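Rule-based calculations on the coordinates, nothing more; no lab input. Just so it is clear, the structure is predicted and the values come from calculations on it, not from any experiment. Quick reminder, even Gly has a Cβ in these numbers, built from the backbone with ideal geometry, and neighbours come from all protein chains shown.
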Amino acid sequence: MAARREKNPSAERKGKNTQNGTQTSQVQWGRAWEVDWFSLASILFLLIFAPLIVYYFIMSCDQYQCSLTDPLFDLLTGNKHLSDIWSRTPTLTYRAAGIYTLWVTFQVFLYVFIPDFCHKFLPGYVGGVQEGAVTPAGAVNKYEINGLQAWIITHVLWFANAYYFHWFSPTIIFDNWIPLLWCANILGYAVSTFAMIKGHFFPTNAKDCKFTGNFFYDYMMGIEFNPRIGKWFDFKLFFNGRPGIVAWTLINLSYAAKQQELYGQVTNSMILVNVLQGIYVLDFFWNEAWYLKTIDICHDHFGWYLGWGDCVWLPYLYTLQGLYLVYHPVQLCTANAVGILMLGLIGYYIFRMTNHQKDLFRRTNGNCKIWGKKPEYIECSYMSVDGTKFYSKLLTSGFWGWARHFNYTGDLMGSLAYCLACGFQHLLPYFYIVYMTILLTHRCIRDEHRCFSKYGKDWKCYTAAVPYRLLPGVF
């Protein structure tokens, strides 16, 4: 959304400000200042069980052919003990450590030292130096947008190796999948711990830090809003976009290569998963500048939730469909394959067009047409911690008139398509749609709570104009 600023000399820099009929403390949006018991319980649950969930899913495929119930049955009946399962789990290896270190180092190099050149010859692509949204403290950070370039360079080298150089096998990721899991965990915990220490002792912008006084909440949800090293290395953008999402399509390609090696062919279901998830990944990098205005960048602080989540949760659980298809190859009939492809493409169309409408409205400050008409919107205002008043517009036309988060609806349709490509023999591939439904529903609620804190009574006007969150007439 477009925003203009106006200094409010009477607003206090500290203490409590009142805006739009809503009293807010210190900073009006972003993560919480105080921790309630439910939030703390949720944080502790995730810190304890999220790493175990990832291990359980990957172990189930490695030792139980992707069955989620057989390990529990063995443990409950006494056929096996936890020590038996753990002893069969591949350990960290020097080879995996070398692969992972080289991978992360290469992505850091592409991110920091290679300025974007794609925007110079790709019509419509926005890359290079771009401004982010206004932070709660009133700062506007600049970013070097070069994710598409990094993705292209990485994949060109991958295919050059596969078809010409033969430095390593295309199945290298699958072959080292569990040892690489330990490397990803080490990086995830290391960067999360460093971010917490940095937030306490040498933050990039002290005014954008939040301390609850609760160690577990601050570690999980983060203290710094935009931790950086130097001018350009932004933790949030790097770990959200690289190395996990760049790796997503490489991981799927490695799964396809393994399927070819084991069975002599790549099934149409594996091709569907590679194509549909590849479209999603490419969309992310093509619209990386737009991503600077999303909830991840605009609201979330950088802690374990993003640091560990982007290093471990994303690459390991978002790619379960491809992993499953290595163990259980599925050849779909033509009608089913076409139906799943159409579901995925329609979901992507809704996701992309919904976001495009919002982006167009924001870039033109409302001077555009949505579905051939002048857009309707709600005028709103908010203040940063230094008393600067900003004005914005909330779009109520097009898909944004149907539901307040209709882009998530398209995202869920695409997520379902990935899962359906795997057939119905096992539950494991369907974890993704269950997880995404919970995640995006929670995100709706979390985002709206922040928006109410930010916009006050203007947000109430907006929700009255657009009463549904995801499904018009339902929710």
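Computed from backbone phi, the HN-Hα couplings of region 258-266 come to 5, 4, 4, 5, 7, 10, x, 7, 10 Hz, rounded to whole numbers (Karplus: 6.51 cos²θ - 1.76 cosθ + 1.60, θ = phi - 60°; Gly and Pro given as x).
Roughly what angle does helix 406-420 make with the longest principal axis of the chain, taking Cα atoms, 0 to 90 degrees, to the nearest 10? Roughly 0 degrees, rounded to the nearest 10. Only alpha carbons enter this Debye calculation for the chain, each as an equal point scatterer, and the log10 of I(q)/I(0) it gives at q = 0.12, 0.13 Å⁻¹ is -1.18, -1.38. Built from the Cα atoms of region 190-278, the convex hull projects on average onto 8.2 nm², one quarter of its surface area.
For region 90-331, lysine pairs separated by 8 or more sequence positions, or belonging to different chains, with Cα-Cα distances below 17 Å total 9. The simple Förster model, with R0 at 60 Å and r as the Cβ-Cβ distance, assigns PHE475 and PHE168 a FRET efficiency of 0.80.
Compute the acute angle (0 to 90°) between the alpha-carbon long axis of helix 37-64 and the principal axis of greatest extent of the alpha-carbon atoms of the chain; round to the nearest 10°. Roughly 20 degrees, rounded to the nearest 10.
Ranked by the mean number of other Cβ atoms within 10 Å of their residues, highest first, the peptides 329-335, 463-469 fall in the order 463-469, 329-335.
Taking the C-alpha atoms only, the angle from helix 94-113 to the longest principal axis of the chain is near 30 degrees. Please state the shape class of region 360-475: rounded when a/c is under 1.5, otherwise prolate if a/b exceeds b/c and oblate if not, all from the C-alpha gyration tensor. In terms of gyration-tensor shape, prolate.
Rounded to the nearest 0.05, the FRET efficiency derived from the C-beta distance between PHE201 and LYS460 at R0 = 56 Å is 0.85. Inter-part distance, region 307-372 to region 245-263, computed on C-alpha centroids, equals 19 Å. Shown is the FRET efficiency for LEU68 and THR388, computed with R0 = 56 Å from the Cβ-Cβ distance and rounded to the nearest 0.05: 0.65. As a length-normalised measure over Cα pairs under 8 Å and 6 or more apart, the relative contact order of the chain settles at 23 percent. Let me make sure I get this right: for region 117-212, a, b and c are the square roots of the gyration tensor eigenvalues over alpha carbons, sorted descending. Under 1.5 in a/c it's rounded, otherwise prolate if a/b > b/c, else oblate. Which is it? Note, shape of region 117-212 comes out oblate. Only the Cβ atoms of Lys and Arg (+1) and of Asp and Glu (-1) were treated as charged; on that basis the dipole of the chain about its Cα centre amounts to roughly 1560 debye. Using the Karplus relation 6.51 cos²θ - 1.76 cosθ + 1.60 with θ = phi - 60°, the per-residue 3J(HN,Hα) values for region 232-246 come to 10, 7, 9, 4, 5, 5, 5, 6, 5, x, 9, x, x, 6, 4 Hz, with x marking Gly and Pro. Here LYS457 is the anchor, and the aspartates and glutamates within straight C-alpha reach of less than 17 Å, apart from those fewer than 8 places off in the same chain, are GLU379, ASP447, GLU448.
Once both labels are positioned 7 Å from their Cα atoms along Cα-to-Cβ, the gap between TRP37 and ASP84 label points is 4.1 nm.
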